[in-house]
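Everything on this sheet refers to the single structure shown next.
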Amino acid sequence: MVKSRKPCPLLSPRVAAVSFGLLAALAIGQAAFAQSASMPAPAAPAALDRVKILAAPNVFGDFSTYRVRSDLYRLPTAERKGMSAEVMAVVDRHKDKVIVDLYLARGLSSKDDFFMRVHGTDLAAVQKFMIDFRATRFGVFCEATENLVGVTKALNYITPDKSKDLNAGLSSASYTGDAPRYAIVVPIKKSADWWNLSAEQRLKEIETHTHPTLQYLVNVKRKLYHSTGLADTDFITYFETNDLGAFNNLMISLASVPENKYHTRWGAPTLLGTIQTVDSVVNALTTTN
């Protein structure tokens, strides 16, 4: 005799509601996954506009110098391989916040192997890049020997309303030499006597300072950073040139004006390096004994 099957008990209303909810959530999740799979991946952050940043006021510039520890070269070649790519990955990761330049100083300095210039509109973002750079395999072998911070500003003295003719001379002059191969950084600190001059007296001194420099603007690029209160100096002067003889003459002309007597620091250190890409500088310092 065949036994009749017992009817399957009905789900309780509460269990049925939970089951329906799970099925509905699963269906929604599958739909969301299908939609996300069909959507394009988010675009990578765009790099900062280099030309715009280098010409804008209120941009921070961080200058740091480094000596590479000799124990780097005790590492096997295989362990040094890829250090440049790792640094470049960090640069790429921060490209929407900072612009990074490296300069090779080894052979041109008795103390430093390279120096770095980092620009950003947010100093905390610059700091974050520096922390990440120092955490790379190359960065841990780099000892910082100097660090200066400055900010760009609009002209204070040689403006169209304060010094019309000189401003016109500055505006009309442009670099016409070959692509610069060298970068030079000269920190400057002024005496208390300078800051206690009246604005009119400082304007006259800066006009006397500016006159002899106009002839060198065709073969020396220059950029000024204000650093009072941000570093142990008042100004960071940055130059690029392909003609070091012309640059030497420019500095002699600046040393010869009366305004020079208000300097308590001019250089110390003066940084000189060749302009190269970030990866070429790291490669040069990680593949050379």
Item checked: Sorted by Cβ density within 10 Å, fewest first, the residues 251, 88 -> 88, 251
Item checked: Stretch gain in nm, segment residue 156-residue 111, where the contour uses 0.36 nm per residue and the Cα spacing is subtracted -> 12.7 nm
Item checked: Potential lengthening between residue 256 and residue 179 on full extension [0.36 nm per residue; Cα-Cα distance subtracted] -> 24.9 nm
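Quick one: if the Förster radius is 30 Å, what FRET efficiency do residue 145 and residue 58 give, using the C-beta to C-beta distance and rounding to 0.05? Before the final figure, lay out the partial values.
On the way: r = 28 Å, r/R0 = 0.94.
Plugging the Cβ-Cβ distance into 1/(1 + (r/R0)^6) gives 0.60.
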Note to self: Taking only the Cα atoms of the range 42-289, how large is their convex hull per residue, in Å³?
What the structure shows: 141 Å³
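Could you give the size of the charge dipole of the range 208-279 about its Cα centre, using +1 on the Cβ of each K and R and -1 on the Cβ of each D and E, expressed in debye and rounded to the nearest 20?
160 debye
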Next item on the list: Find the centroid of the Cα atoms in the range 60-105 and in the range 150-218, then give the distance between the two in whole Å.
Entry: 33 Å
Check: Taking the simple approach of a point 7 Å from Cα along Cα-to-Cβ for both residue 93 and residue 50, what is their distance in nm?
Finding: 2.2 nm
Notebook entry, point to check: Calculated FRET efficiency, residue 171 and residue 135, Cβ-Cβ r, R0 41 Å, to nearest 0.05?
Noted result: 0.40
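If the chain between residue 232 and residue 214 were fully stretched, how many nm would it gain, using 0.36 nm times the residue separation less the Cα-Cα distance? Each step should come with its number before you reach the end.
Values: separation 18, 0.36 × 18 = 6.48 nm, distance 2.86 nm.
My answer for the length gained is 3.6 nm.
Measure up 95/162; 153/204; 97/164; 153/189; 81/128 against 28 Å on the Cα-Cα distance and list the ones that go over.
Values: 95/162 38 Å; 153/204 20 Å; 97/164 36 Å; 153/189 17 Å; 81/128 25 Å.
Flagged as over cut-off: 95/162; 97/164.
No value in this document is a laboratory result; all are computed from the given coordinates. Given the structure is predicted, the values throughout are model-derived calculations rather than measurements. A quick note on method: Cβ atoms are made from the backbone with ideal geometry, for glycine too, and the neighbour counts reach across all protein chains shown.
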